[in-house]
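Written below as structure tokens is the structure these notes are about.
Every number here is computed from the coordinates shown, using simple stated rules; none is lab data. Please read all numbers here as calculations on a predicted model, not as lab measurements. Using ideal geometry, Cβ is built from the backbone for each residue, glycine included, and neighbour counts are taken over all protein chains shown.
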Amino acid sequence: MERDDPDRVVSAGFHERVAAVVRTVPAGRVTTYGDVATVLGSPQVARHVGWALAAMDRPDVPWHRVINAQGRISARGDTGRVEVQHARLVAEGIRFDASGRVDLRVFRHRFEVD
DNA sequence: GGTTTGACCATAA
DNA sequence: CTTATGGCCAAAC
């Protein structure tokens, strides 16, 4: 990471691009890591999307609207964040089924596809 | 500077 | 449904 200033969030170009994309997701909608990665250029960088989001604690980035391709909230070990993310999505109108999954057919945001 | 890891994904069994 | 595997690439160690 940037060993210069821990306070100065991030300056990595990748993270910034991820932030820019995630910011375009409107409330009441969700997107997936793969989708964000695809918009960035390659669907294979999905892992980095999640990785980048982990470094973004800024309020201007709706990171909670980013879930995995299975319509589920991902949290490798840190379950605390999952509850917050789930609560935020529900508050925005996202509906989860009994299995805790989101219907991507309905809530998945399309990135300006013509 | 090589190895491990990771908020993933698709596919196979 | 779950588990395993390969892939891709940047950060962390």
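Within segment A:12-114, list the GluC sites (Glu not before Pro) lying in a DSSP loop whose Cβ has at most 12 other Cβ atoms in a 10 Å radius.
Details: sites: A:Glu16, A:Glu83, A:Glu92, A:Glu112; in loops: A:Glu112.
Filter output for segment A:12-114: A:Glu112.
Once you keep just the Cα pairs under 8 angstrom separated by 6 or more residues, what percentage relative contact order results for chain A?
28 percent
With axes computed from alpha carbons, what is the tilt in degrees of helix A:13-23 against the longest principal axis of chain A, rounded to the nearest 10 within 0 to 90?
30 degrees
Which order do A:Asp103, A:Asp97, A:Asp35 fall in if you start with the one that has the fewest other Cβ atoms within 10 Å?
Result, fewest neighbours first: A:Asp97, A:Asp103, A:Asp35.
Run the dipole for chain A about the Cα centre, Lys and Arg Cβ at +1, Asp and Glu Cβ at -1, nothing else charged, and hand back the magnitude in debye, nearest 20.
Once rounded to the nearest 20, the dipole reads 400 debye.
For the Cα atoms of chain A, what angle does the longest principal axis make with the long axis of helix A:79-92, in degrees from 0 to 90, nearest 10?
With both axes taken from Cα atoms, the answer is about 60 degrees.
Across segment A:95-109, in residue order, what do the Karplus-derived ³J(HN,Hα) couplings come to in whole Hz, using 6.51 cos²θ - 1.76 cosθ + 1.60 with θ = phi - 60° and x for Gly and Pro?
In residue order, the calculated couplings are 10, 9, 8, 4, 8, x, 10, 9, 7, 4, 4, 9, 9, 5, 7 Hz.
Enter the angle in degrees (range 0 to 90, nearest 10) between the Cα long axis of helix A:46-55 and the first principal axis of the Cα atoms of chain A, meaning the one along which they spread out most.
Between the helix axis and the principal axis of chain A, the angle is about 70 degrees.
Using +1 at the Cβ of each Lys and Arg and -1 at the Cβ of each Asp and Glu in chain A, identify which of A:Trp63, A:His48, A:Ser99 lies farthest towards the dipole's positive end.
A:Ser99
Mind listing the long-range amide H neighbours of A:Val30? Cut-off is under 5 Å, sequence gap 5 or more, other chains count too, H placed in the peptide plane at 1.01 Å from N.
It is A:Arg108, A:His109, by chain and number.
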